[in-house]
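J.: First, the structure itself, so that you have it in front of you.
The values are calculated or read from the model by the stated rules, or taken from the named source; none is laboratory data. All figures in this text were calculated on a predicted structure; none of them were measured in a lab. Cβ: placed from backbone, ideal geometry, glycine included. Neighbour counts: every protein chain shown.
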Amino acid sequence: MNRTQLGPAQQPMAPPFSDLMKSKQNPVEKRSSLISTNLMRVLVVEDEAGVCEFLQQALEESGCEVVVCSNGPDGLHELVRQPFDVALLDIMLPGMDGLAVLKTARLQGVQTPVMLLTARNETGDKVAGLDLGADDYLAKPFRIEELVARVRALARRSRNHVLTAADLSMDTLRRTVDRSGRALYLSPTEFSVLQLLLERQGQPVSKRDILAYVWRDDATRDPNTVEVYINYLRNKLEAGGATRLIHTQRGAGYVLSSQEPDES
């Protein structure tokens, strides 16, 4: 498959895999289990030539068509110009940082799922990215298996982008929610919590699962934060006397269902 290189030409200086990966094994040697028959179009915006080449190789060998850009303005141009199933966006980019690229793309109506890549495992960057409309993030160093799995998960969500339960509907691509035809305006965090509950509707979802899904690896996050956002969602979903959809299941977590969960 031909590779598309955009932006200023760079000589690839691949870093040692141990610097990029947490796995001690060379991931290129174990790709057969990752190969997919579904061709996905992935945009990679990364200014480190070695990392960019490595990601491109891994994704292509996993069955993806890959377009790469080495700076923020080129990445924004491609993100706006053509459709992708997923975009991988480094935060530290020349010309325009990744958060600015994301913000501008979302303001221009781009709905492509975006995963942020960052070398700085800082909560502030993650929160800012999610608030601007990022769908996922991954801190370097990372395992290539995990990155490919997350790319596939984002692509699946974008293709199966309408989630429903009773009279509640969520469009994960347009990032809209309505109940009985009435638009509900949710914050990015509220949206993520509700999306997880919809994806696992009828099943109990623990606070730990919600924390891991919404705030990823932020171990400092107070579990009671989940209760706060559940209450926010209930207030919005139940406005006007609508029936309750998010139920508390004692000892298990929260269940999104049109009926009260069986406590027996």
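J.: Mind checking which residues of the stretch 163-217 are under 23 Å from L107 (Cβ atoms), small (G, A, S) and in contact with a strand residue (DSSP E or B) (Cβ under 8 Å, 6 or more places away or on another chain)?
T.: Within the stretch 163-217, just A183 meets the criteria.
J.: Give the stretch 172-181 a look and list any residue that's surrounded by 13 or more Cβ atoms within 10 Å (Cβ to Cβ) and at positive phi, or say none.
T.: R175
J.: Answer with yes or no whether L198 is within 19 Å of the chain's Cα centre (by Cα), surrounded by 15 or more Cβ atoms within 10 Å (Cβ to Cβ), free of Cβ contacts under 8 Å to residues at least 40 places away in the same chain and not in a loop (DSSP other than H, G, I, E, B).
T.: The answer is no for L198.
J.: Which strands (runs of 3 or more DSSP E) does the stretch 49-146 wholly contain that include 2 or more residues that are under 19 Å from W215 (Cα atoms) and either among the aliphatic types (A, V, I, L, M) or at pLDDT below 90 (or both)?
T.: In the stretch 49-146, the matching strands (runs of 3 or more DSSP E) lie at 86-90, 114-118, 136-139.
J.: Pull up the stretch 154-171, narrow it to residues that are in a strand (DSSP E or B) and not charged (D, E, K, R), then point me to the one that is surrounded by the most Cβ atoms within 10 Å (Cβ to Cβ).
T.: M170
J.: Pick from L211, L186, L194, L163: which is touching a Pro at 6+ places or on another chain (Cβ under 8 Å) and under 21 Å from P113 (Cα atoms)?
T.: Testing whether each residue is touching a Pro at 6+ places or on another chain (Cβ under 8 Å) and under 21 Å from P113 (Cα atoms) leaves just L211.
J.: What residue, of R221, R174, is outside any helix (DSSP H, G or I) and within 23 Å of G124 (Cα to Cα)?
T.: R221
J.: Oh, and also: Kindly list the number of the only condition in (1) in a helix (DSSP H, G or I); (2) free of Cβ contacts under 8 Å to residues at least 12 places away in the same chain that fails for V151.
T.: Evaluating V151 over (1) in a helix (DSSP H, G or I); (2) free of Cβ contacts under 8 Å to residues at least 12 places away in the same chain leaves (2) as the failure.
J.: Kindly list, by first and then second residue, each pair from a residue in the stretch 116-136 that is more than 17 Å from G72 (Cα to Cα) to a residue that is among the charged types (D, E, K, R) and at pLDDT 80 or above, limited to pairs with Cβ atoms under 6 Å and residues at least 6 apart or on different chains.
T.: Cβ pairs passing all conditions: D136/R150.
J.: Look through the stretch 123-162, keep the residues that are in contact with a strand residue (DSSP E or B) (Cβ under 9 Å, 6 or more places away or on another chain) and β-branched (V, I, T), and return whichever of them is nearest to Q201 (Cα to Cα).
T.: V162
Residue-wise test of (1) surrounded by fewer than 16 Cβ atoms within 10 Å (Cβ to Cβ); (2) among the aliphatic types (A, V, I, L, M); (3) over 22 Å from the mean Cα position of the chain (by Cα).
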| site | (1), (2), (3) |
| --- | --- |
| A183 | yes, yes, yes |
| L186 | no, yes, no |
| Y213 | no, no, no |
| Y229 | no, no, no |
